[in-house]
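Step one of this worksheet: look at the structure below.
Coordinate-derived values only; no laboratory data. Small disclaimer: the values here were computed from a predicted structure and weren't measured. Cβ atoms come from the backbone with ideal geometry, glycine included; neighbour counts cover every protein chain shown.
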Amino acid sequence: MINITKKEKIDIKEKTLSIIGIGKSGSSAAKLAHYLGARVFASDSNTNIPTNVAANELFDLGIGIETGVHSNRVYESDLCVVSPGISKHSKVISKALDCGIPVVGEIEFASWFTTSPIIAVTGSNGKTTTVKLLKKIFESKDLTVSMAGNVGIPFSSLVLSELKGPNENTVYILEISSFQMEFIKHFRPKISVFTNISEDHLDRHYSMNEYIKMKMKMVMNQEENDFIVYNLDDSCLVNKLKGNKPKLIPFSVKNNDTLFKLDHKAINYGKNEILVEIKKLKVPGTHNLYNILAASTVANIFGISKSQIRKALMIFEGVEHRLEFVSKINGVEYYNDSKATNLDSVFVAVNSFIKPILLILGGKNKGADFKKLKKIIDSNKIKQIISFGESGREIVTAIGDAVRSEQVTDLISAVTIAQSLAIPGDVVLLSPGCASYDQYSNYEERGIHFKELVFSKV
C-alpha cells in the first residue's frame with residue numbers, strides 16, 4: 001500500500017492504482033497517474049463506457065479497463081482513486097476500505113502534485129457563478145487562471161498540464177461539491193469560499209448534519225496564514241466556521257461590518273469608495289449580489305485592484321442555465337434555470353420575478369421535501385406548476401390544491417402545456433429543483449433541450 005500519511009512523501013511511481021469510475025474525473029486521474037509512472041487500472045460498473053472518448057484515450061495509453069463490473073482486480077492495488085459520482089456508501093468503496101486500501105477522491109489526488117495556490121468555492125447555491133466571476137476578475141491580472149472541479153473540468157487534467165509545462169503564476173479556482181469532499185486527506189486551499197448552506201443531496205448524505213460535515217472538510221487542513229471567505233448572513237456557516245485556524249473574512253448584503261458594503265445604489269469599499277453601481281451590473285437579483293461580494297472579497301485578498309474588480313463586474317453576464325433569459329415570444333418570457341437542482345435555488349429563481357410564473361420543475365429527487373414549495377406558492381407569483389420526470393407525481397401530491405398543477409412525463413410535454421397556458425406578461429420558468437439524471441446526462445443537456453423546445457415553437 002501507498003503511505004499517504006504525509007503529502008510530501010507520497011510517491012506513486014511503480015505503484016498500482018485502481019481508478020473507480022471512468023467519466024471525466026476518473027479518466028483524467030488515470031492519465032495523471034500514468035504520467036507519474038504508476039501502473040493504472042480503471043474500473044466502471046457502467047457497460048456503456050467503451051463508447052466513451054475518454055476511455056478510448058486510456059486504451060491508447062495502455063491502461064487496463066474493465067466495464068460492467070468491479071472485479072477483484074480493483075482490490076489488487078496500492079491506492080484507489082474514486083470519481084465524485086461514486087458514493088462512499090457503495091459496495092466497491094466499502095470493500096476497498098475493508099481490504100486496507102487507501103481511498104481518495106480525484107480532487108484530493110490531483111492536489112498532491114501541485115504547489116500552486118487554490119481558491120476553493122463550495123456551498124449549496126451560487127458556486128458556479130462565483131467561480132466563473134472569479135475567473136473573469138483574475139484574468140485581469142498577470143496570472144494563469146485555471147477553473148476546474150464541479151464545473152465539468154477535472155482538476156487532474158489541469159495539474160497534468162501544469163506538470164508538462166510549469167508556470168509559477170498559476171492559480172486554480174475550483175468549484176467543490178460535497179461529493180468531492182468525502183475522501184479528503186491533505187487537500188488545502190489557500191482561500192476557502194462558502195456561499196451558503198441549505199438542504200441538498202440528502203439522497204446521498206442521508207442527513208443535513210452529514211451534508212454539512214462533508215462541506216466543512218474543505219477547511220480541515222487550512223492553517224493560520226490561509227483564509228475562509230464566508231456568508232455572514234448564513235447562521236449555519238457562522239456557527240460551523242467559528243474557531244477555525246484560518247482568518248475568517250465575511251461578506252454580507254445585510255451587515256456592513258465587511259470589506260465590501262452594500263447600499264440600495266452601490267457596492268462600496270470602505271466608507272466612501274464606490275466599487276460599482278448596482279444598476280451597471282448585468283446580473284440582477286440579491287443572490288447575484290452575494291456571489292459578487294464573495295468574489296470581490298477573494299480578489300481583494302489576492303491583491304487585485306479595485307479598478308480591475310470593477311471592470312470585471314461590469315462586463316460579467318452570468319452563467320448559462322442559471323436564470324438565463326431565453327426569449328420573449330408573443331409577450332411571454334422564457335427563462336432557463338436548469339442548474340437549479342435544489343429547492344433553495346427554485347425559491348431564488350421565483351423571487352427574482354414580479355410577473356406571474358408558470359413553473360416547470362421535476363427530475364430526480366435528491367431528498368427534497370416538496371411540501372416546502374407551498375411557501376413560494378403562497379407568494380401568489382406561481383400561476384401554474386407543471387411537473388415532469390421521476391419526481392412528477394411526488395411534486396403534485398406534495399403541493400395538493402395549493403395551486404393549479406399538472407403532471408406530465410417529460411420536458412417536451414411540460415413546455416407544450418406551458419406554451420398553451422401562458423398569456424402575454426407571463427413568465428415560463430424552467431427551475432427543476434431536482435437532478436437531471438432520470439432523463440438527461442446532466443443539467444446542461446436538460447437546459448439546452450429546454451431552449452431548443454422554446455425556439456422550435458417560434
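One table, with the values for the structure above:
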quantity	calculated
Ranked packing of 385-395, 304-314, most packed first, by mean Cβ within 10 Å	385-395, 304-314
Dipole of the chain, positive end: most advanced residue of Ser124, Ile448, Pro246 [Cβ charges, Cα centre]	Pro246
In Å, descending, principal axis extents of the Cα set of segment 163-263	45, 37, 24
Segment 1-32 and segment 122-136: distance between their alpha carbon centers, rounded to Å	28
Distance between segment 201-267 and segment 298-361 - C-alpha centres, whole angstrom	22
Cα point-scatterer Debye curve for the chain, base-10 log of I(q)/I(0) at q = 0.05, 0.06, 0.08, 0.13 Å⁻¹	-0.19, -0.27, -0.49, -1.25
Ordering of 1-9, 234-242, 185-193 by burial proxy (mean other Cβ atoms within 10 Å per residue, highest first)	185-193, 234-242, 1-9
Quotient of Cα Rg and 2.2 N^0.38 Å for segment 245-356, N being how many residues it contains	1.19
14 Å Cα cut-off, lysine pairs counted over segment 324-456 (separation 8 or more, or different chains)	9
Unit charges on C-beta of K, R, D, E only; dipole of the chain, Debye	1060
All aspartates and glutamates inside 18 Å of Lys271 as judged from Cα atoms, apart from same-chain residues fewer than 8 positions distant	Asp257, Asp263
Viscosity 1.002 mPa s, 20 °C: Kirkwood-radius Stokes-Einstein D of segment 324-456 over Cα pairs, µm²/s	151
Cα point-scatterer Debye curve for segment 30-143, base-10 log of I(q)/I(0) at q = 0.10, 0.18, 0.21 Å⁻¹	-0.42, -1.06, -1.21
Size of electric dipole in segment 114-315: Cβ of Lys, Arg +1 and of Asp, Glu -1, about Cα centre, debye, nearest 20	420
Pairs beyond 28 Å (Cα-Cα), from Lys24/Lys279; Lys135/Lys280; Lys132/Lys306; Lys136/Lys279; Lys127/Lys311; Lys31/Lys217	Lys24/Lys279
Translational diffusion of segment 114-315, µm² s⁻¹ [Kirkwood Rh, Cα pairs; Stokes-Einstein; 10 °C; 1.306 mPa s]	92
Helix-only CD estimate at 222 nm, as mean residue ellipticity for the chain, using -39500 (n - 2.57) per DSSP H run (n ≥ 4)	-9000 deg cm²/dmol
Percentage relative contact order, segment 200-293, counting C-alpha pairs under 8 Å, at least six apart	17
Residue (of Ser178, Ile63, Tyr75) at the positive-pole extreme of segment 59-206, dipole from beta-carbon charges	Ser178
